[in-house]
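Beneath this line is the structure, given in structure tokens, with notes to follow.
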Amino acid sequence: MWDLRIFHSFGCVMAYKDLAKRRECVRRWNQSHPSVVAAAVERYRAKIKNAVISAYGGQCRLCGCTDNLELHHIHHDGAKHRDEVGQSIHIYRWAFKHGFPQDRLELLCRDCHRTQHPMERNDSGQFTRPMKVGSHVKPA
Ligand SMILES: [Zn+2]
């Protein structure tokens with residue numbers, strides 16, 4: 001994506017031969033343009049997320065819903081995986097990097113995803129019962 005940021009770093013390449021100086025210049029520029037940086041990060045996240053969602057079929061495997069899609073760890077190793085690579089976008093980036101492994105992750109809508117984690121705790125810390133697949137009712 002050609003934006004101000006790229007034009008600026010191109011300018012740095014022309015202006016400084018020294019890599020450390022170039023980096024410092026980019027760092028200062030980023031600091032004084034937080035909204036440009038935030039927009040670039042947002043575009044990057046959307047790009048990764050859209051690629052992952054379409055690679056996994058673009059809909060919930062259980063109900064076919066296309067809203068509020070999430071990646072489900074088929075072998076329920078999500079907590080361990082998040083410890084290794086990080087939360088949310090890092091999981092998407094991992095899937096992207098590893099060629100969208102279908103035996104490890106699948107796409108579920110938020111409600112169906114809850115039905116796959118029957119041992120989830122509610123706000124009072126009690127274990128909630130598994131929901132019926134496709135019922136789309138939030139647990140009490
Ligand atoms: Zn669903």
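Derivation of every value follows stated rules applied to the coordinates shown; laboratory data play no part. Nothing here was measured: the structure is a model prediction, and the numbers come from that model. Every residue, glycine among them, receives a Cβ derived from its backbone with ideal geometry; neighbour counts consider all protein chains shown.
Can you compute the modelled spin-label distance between Glu42 and Glu24, with each label point 7 Å from Cα toward Cβ, in nm?
Simple spin-label model gives 3.3 nm for this pair.
List the residues whose amide H sits under 5 Å from the amide H of His72, counting only those 5 or more places along or on another chain, with H placed 1.01 Å from N in the peptide plane.
For His72, whose amide H was placed from the backbone, the distant partners under 5 Å are Glu106, Leu107, Leu108.
Each label point is 7 Å from the Cα along the Cα-to-Cβ direction; what then is the distance between the points at His75 and Asp123, in nm?
Inter-label distance under the simple model: 3.6 nm.
Say each of Ala55 and Phe10 gets a label point 7 Å from the Cα, pointing the same way as Cα to Cβ; how far apart are those two points in nm?
Distance between label points: 2.9 nm.
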